Structures are given as structure tokens and as C-alpha cells.
Amino acid sequence: MLSKPFMTTQDVAELLKVSEATVRTLIHDGELRAIRIGREFRVAVKDLEIFVNDHATRSASLEPGNDTT
């Protein structure tokens, strides 16, 4: 089992340096996948990684140190 499979909206907001309201808006707009537990949302670490990769300004293969040859 993963040591920390889910993050709170506060955890995500702190990591992305945005407000919790922004995180909730991303969830409500369907841009960030999350699950509802009671009245709160939880975001899987894997889903956050997918969100970040999908919103990157360039592909990972163009990043320095990612030599694909």
C-alpha cells in the first residue's frame, strides 16, 4: 500500500502554491480528478502527477537531462 495515496485540497494547494479555492475549482471543472469523502475531496498522488504533466508548458522529453537518444 502506498504511504500517502491521497492528498487533501490543502496539501495540493500548498504544493502548487495556489489557494484551496483554486484547487476546488479545478476539481469542480473536471480538470483535476478527485474523490469525495464525506464533505471533502481527496486527490490521488497519481492524479496530481497526471494533472501537472498535462499542464506542463513543454514535454518531459525536452527537459534538460532527459536525453532520449
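Does the range 15-27 hold any residues that are over 17 Å from A44 (Cβ atoms) and in a helix (DSSP H, G or I), and which are they? Hits for the range 15-27 are E20, A21, T22, T25. Out of everything in the range 20-36 that is surrounded by fewer than 11 Cβ atoms within 10 Å (Cβ to Cβ) and out of contact with any strand residue (DSSP E or B) (no Cβ under 9 Å at 6 or more places or on another chain), what residue ends up being nearest to M7 (Cα to Cα)? The qualifying residue nearest to M7 (Cα to Cα) is A21. Here L26 meets each of (1) at pLDDT 95 or above; (2) farther than 20 Å from D54 by Cα with one exception, condition (2).
I'd like the residue in the range 33-48 that is assigned to a strand (DSSP E or B) and aliphatic (A, V, I, L, M) and, out of all such residues, is farthest from the chain's Cα centre (by Cα). Outline the logic, then answer.
Taking the range 33-48 as the starting set, the residues that turn out to be assigned to a strand (DSSP E or B) are 35-37, 40-44.
If we keep only those that are aliphatic (A, V, I, L, M) as well, we get 35, 37, 43-44.
Numbers: I35: 13, I37: 17, V43: 7, A44: 8 Å.
Checked the range 33-48; the qualifying residue farthest from the chain's Cα centre (by Cα) is I37.
The values are calculated or read from the model by the stated rules, or taken from the named source; none is laboratory data. All values derive from a computational prediction rather than experimental measurement. Don't worry about glycine lacking a Cβ; one is built from the backbone with ideal geometry, like all the others, and counts go over all protein chains shown.
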